[in-house]
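Down below is the structure, laid out as structure tokens.
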Amino acid sequence: MQDIIKMHNVTKYYGKFKALSSLTLDVKENQIYAFIGPNGAGKSTAIRLMLGILNFNEGYIEVLGKSPTQNNIDIFQKIGYLPGELRSYQKLTGNEVLKFFSNLRDIKEDNYINNLIERLDYDPNKYIKELSKGNKQKLGLILAFMHRPKLLVLDEPSSGLDPLMQQITIELIREARQEGTTIFLSSHIFSEIDKVAQKVGFIKEGELIVEDSLEVLKSNATKSITIYFNEIVPLDLFNNMENVNYVENNKNVVKLNFNGPVDAIVKMISKYEISDLKTQDPSLEELFMNYY
Amino acid sequence: MLNKIWTKVIYDQKLSLIFWNLILIGISLLIMSMYPSIKLSGDALDKAINSMPKEMVELFYGGEAQSITTPIGWLSMELYGLILPFALIIYGVTNGINAIAGEEKNGTLELLLTLPISRVRLASEKFFSLVLGLLIIIISFSTFIIIFKDLFDLEFEYILIVIAGIELFSLALVLSSIGFALGTSTGNKSISVGLTYTITIFSYLWNGLVGLVSGIENLNNISVFYYYSGLKYSSNRIDLVEFFCILLFSLLIVSLSIFIFNRRDIRTY
């Protein structure tokens, strides 16, 4: 599969401050890549570098097969971008902003734009200065999606939206992917990433500390299991198991945290009578918290 | 109006342009309407002005003293000496700085740069709209003065107003270009405003006062105001070499700033 975004050993300094350190990531065609990190970790800097808004000091960036520089301005026809905080022309109405951007993108028909307006329940007749954060976000989403781009770069797509609109945003992202769009998104809403992302990258202090598919990250992560025995079991029952890294034994209820296969635990507990068993995969939030 | 960068700038400025036109036409009307009475009783004021040092007259009236009882002398002193040049400089410098640095500060530039439009085209169209705005204002009040001058006994050849308009355009263009260039190359609105107005005021004072300082009295030609002749009976033709030098200088600094803009990071606020 073709790489839509390639960032290799990209380093960015702001004066003496190193905002990104040898960042390497690849986003494949039609993939949804989620970029996760705390505030100031370098997420927005990475996004601005891949859009050519900032220049990098070292490394190499390719977006849609070309360097995102002024010499390759044509690639921006295929990119839709939602900034972390949309700031648009205060004295214009939503309709005017949409008209301006669709003219500059040379969009001939506005059926899809009207469809987005309707689905996001956005009032384009209001002036930008009158819009709430959520409504500005809706306008930003329409501007990003309006030309059916090949690559969507979404910085906090659900920020400021109510749960219903968050769900619609997820639907829009899924639909875009079905149409072949590649999506690079950064978000703090873990449930949103859990629902859509195939690949996840964790960034910390300008460095990518983990990058893998959500499935692999979850399977490698610590899982928990709670066993409700019908009898009191020995306190040291799981002490000799290598993959069990935590045991909480409360009479006949045992809670284990473990890595790797569950086989040894199942064999061990099968010797006892069990009334209930609950397993829990780690949430993305728990994975995130483990790294930070 | 929202299909190009430069048309959008004009669309955004529609109220501002109407305001500037109305204000300058209004001031022109007021000053023109005062001429019939000045013509009859301006001798005393002429004497007072002529008793002042030449440099002071240049400083306060924007050029050498002409009798205010003449139509050109009156308009030159009251309109073309200070009011019109500084009004146009304020309009041009403000919009020149806002063209890129203003959008950058407002945060609207980031999204604009993710459109399939090059930075060179973006900045060039912004500069074009700035020039167009200046021309619209100058043509409006110049046309007004030419049409209504006879109503107030202001008898002179209309070509003098055309030439004064070109002089005003040159002066405003060069200072607006400095503002545009500083804003575009640095992206810093505050620094650009400070520097451009410092250059403007220093240049103005230098032109007016340097003649009072012995030894450097001939150095007033480094001031941009030195090249502004305003409205004069003697200025009945345009100095094309001077005009094209000013245009070239403006284009040069604007091009240099666009070259820098094309390569620099966009600031985030």
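Data for the structure
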read-out	value
Meets criteria (assigned to a helix (DSSP H, G or I), under 17 Å from B:Leu115 (Cβ atoms) and modelled with pLDDT under 95) for A:Asp74	yes
Matching option when the condition is β-branched (Val, Ile, Thr), farther than 22 Å from A:Phe35 by Cα and touching a Lys or Arg at 6+ places or on another chain (Cβ under 8 Å), among A:Ile168, A:Ile113, A:Ile128	A:Ile128
Complete set of residues in the range A:84-112 that are open to solvent by 10 Å² or more (accessible area, probe 1.4 Å), facing chain B (nearest Cβ under 9 Å) and in contact with a Pro (Cβ under 9 Å, 6 or more places away or on another chain)	A:Glu96, A:Leu104, A:Arg105, A:Asp106
Some residue of the range A:162-182 being part of a strand (DSSP E or B) and touching a residue at least 24 places away in the same chain (Cβ under 8 Å)	yes
Total residues in the range A:1-57, condition open to solvent by 60 Å² or more (accessible area, probe 1.4 Å), over 24 Å from B:Leu115 (Cβ atoms) and within 14 Å of another protein chain (Cβ to nearest Cβ)	7
Residues of the range A:62-71 that turn out to be within 14 Å of another protein chain (Cβ to nearest Cβ) and either in a loop (DSSP other than H, G, I, E, B) or of a type in the set (Val, Ile, Thr) (or both), as a count	5
Conditions (1) under 19 Å from B:Ser250 (Cβ atoms); (2) under 17 Å from the mean Cα position of the chain (by Cα): number failed by B:Asp239	(2)
Residue that is most open to solvent (accessible area, probe 1.4 Å), among those in the range B:230-269 that are more than 14 Å from every other protein chain (Cβ to nearest Cβ) and among the charged types (D, E, K, R)	B:Arg237
Residue ranges of strands (runs of 3 or more DSSP E) in the range A:1-48 with at least 3 members polar (S, T, N, Q), modelled with pLDDT of 90 or more and closer than 16 Å to A:Lys199 by Cα	none
Which listed residue is within 14 Å of another protein chain (Cβ to nearest Cβ) and buried (at least 22 other Cβ atoms within 10 Å of the Cβ), from B:Ala164, B:Ala101, B:Ala172, B:Ala123	B:Ala123
Residues within the range B:216-269 that are under 19 Å from B:Ile89 (Cβ atoms) and aromatic (Phe, Trp, Tyr), tallied	6
The range A:261-280: number of residues that are closer than 10 Å to A:Ile227 by Cβ and either assigned to a loop (DSSP other than H, G, I, E, B) or outside the structural domain of A:Glu231 (by TED's automatic domain parsing) (or both)	1
Tally, over the range B:126-151, of residues that are surrounded by 18 or more Cβ atoms within 10 Å (Cβ to Cβ) and more than 19 Å from B:Ala87 (Cβ to Cβ)	3
Top-ranked residue of the range A:223-268 - restricted to ones that are touching a residue at least 40 places away in the same chain (Cβ under 8 Å) and open to solvent by 50 Å² or more (accessible area, probe 1.4 Å), ranked as farthest from A:Val27 (Cα to Cα)	A:Glu231
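Matching residues to (1) open to solvent by less than 50 Å² (accessible area, probe 1.4 Å); (2) under 25 Å from B:Ala87 (Cα atoms):
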site: B:Thr7; (1), (2): yes, yes
site: B:Ile10; (1), (2): yes, yes
site: B:Lys14; (1), (2): no, yes
site: B:Ile18; (1), (2): no, yes
site: B:Asn21; (1), (2): yes, yes
site: B:Ser41; (1), (2): no, no
site: B:Ala44; (1), (2): no, no
site: B:Asn50; (1), (2): no, no
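The values are calculated or read from the model by the stated rules, or taken from the named source; none is laboratory data. Since the model is a prediction, treat every value here as computed from it, not as a measurement. Please note: Cβ atoms are built from the backbone with ideal geometry, for glycine as well, and neighbour counts cover all protein chains shown. Please note that ligands, DNA and RNA were not included when accessible areas were found on the heavy atoms of the full protein model with its side chains. Shrake-Rupley method; radii C 1.70, N 1.55, O 1.52, S 1.80 Å.
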